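These notes concern the structure reproduced below.
The values are calculated or read from the model by the stated rules, or taken from the named source; none is laboratory data. Note that the coordinates shown come from a computational prediction; the quantities given were computed from them, not determined experimentally. Here Cβ is always computed from backbone atoms with ideal geometry, including for glycine, and neighbour counts include all displayed protein chains. Protein only, heavy atoms only, side chains kept; ligands, DNA and RNA dropped before computing areas. Shrake-Rupley method; radii C 1.70, N 1.55, O 1.52, S 1.80 Å.
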Amino acid sequence: AERDSFAVVLTTSPKTGGQGAETGALANALARAGAVDVRSELAPSEALVLAIGGGIGFHFATVGRGKEARPLLDGSTHGLSGRSVRVENACAALAIPVRVLDAPNDLAAENVLAEEASRAAAVLTWIDLASLPHHRLPRGYEGAIPRLIGVLSFDEAGEEFALDDGATVPVMVDALRLRSARAQAPGAPNRCAALSAPSGRADLGSHGL
């Protein structure tokens, strides 16, 4: 493993990343849960996940304050990235049971995430993009851009989470830093989604697929 000032990157891992950070994280989580595209009998592609999740949308946010304030246009799947509806839509279409869990505070959220990472088939969570330094966003973007990421595992001894966060290998982030990033996620503070093994066979007919 290689360490820098922000994270540890593992060199052996489950599939992470993708053409899009969020569609990749969702597609990878669905694959880990056992989802299958019934047309090909393969794991769902990002294109399929984008379609059944609700497509692409946009929302505006204001970054900074006073004279430094400026508008930000966020283009993400199904509009605001913090919405859980696209996760729920994709899971429903692929017969994957999902529980969306909202914790009352950041410490409770961390405990829930650690527990689900050890027992769920796959786990997703939402963060404030600017709160994780490896994204290297400029100051003033805090609290403006939500990001859906995958959670692969929790190392209790090292107090680190392995994340599917846009890279082609997992990124290890310490629990305290992730706790803060999740607490500030716009539209989805302290939220995670726990996926289970398929409950039946996917039905893509209602999506015209």
Checklist (1) open to solvent by less than 20 Å² (accessible area, probe 1.4 Å); (2) farther than 23 Å from L30 by Cβ applied to V151, failing item: (2)
Qualifying residue in the stretch 161-168 (condition: out of contact with any Gly (no Cβ under 8 Å at 6 or more places or on another chain) and open to solvent by 40 Å² or more (accessible area, probe 1.4 Å)): no
Output for the stretch 19-53, where each listed residue is open to solvent by less than 40 Å² (accessible area, probe 1.4 Å) and on the phi > 0 side of the Ramachandran plot: G34
Answer from A197, A175, A185 - the residue that is more than 28 Å from A47 (Cβ to Cβ) and among the small types (G, A, S): A175
Any hit, the stretch 41-55, residues being among the hydrophobic types (A, V, I, L, M, F, W, C), at pLDDT 90 or above and in a loop (DSSP other than H, G, I, E, B): yes
All positions within the stretch 111-148 that are surrounded by fewer than 20 Cβ atoms within 10 Å (Cβ to Cβ) and basic (K, R): R119, R136, R139
Residues within the stretch 94-108 that are in contact with a helix residue (DSSP H, G or I) (Cβ under 6 Å, 6 or more places away or on another chain) and either farther than 14 Å from S196 by Cα or open to solvent by 20 Å² or more (accessible area, probe 1.4 Å) (or both), tallied: 4
Qualifying residue in the stretch 124-134 (condition: among the aromatic types (F, W, Y) and under 20 Å from P104 (Cα atoms)): yes
Residue count, the stretch 64-107 (criterion: assigned to a strand (DSSP E or B) and modelled with pLDDT under 70): 8
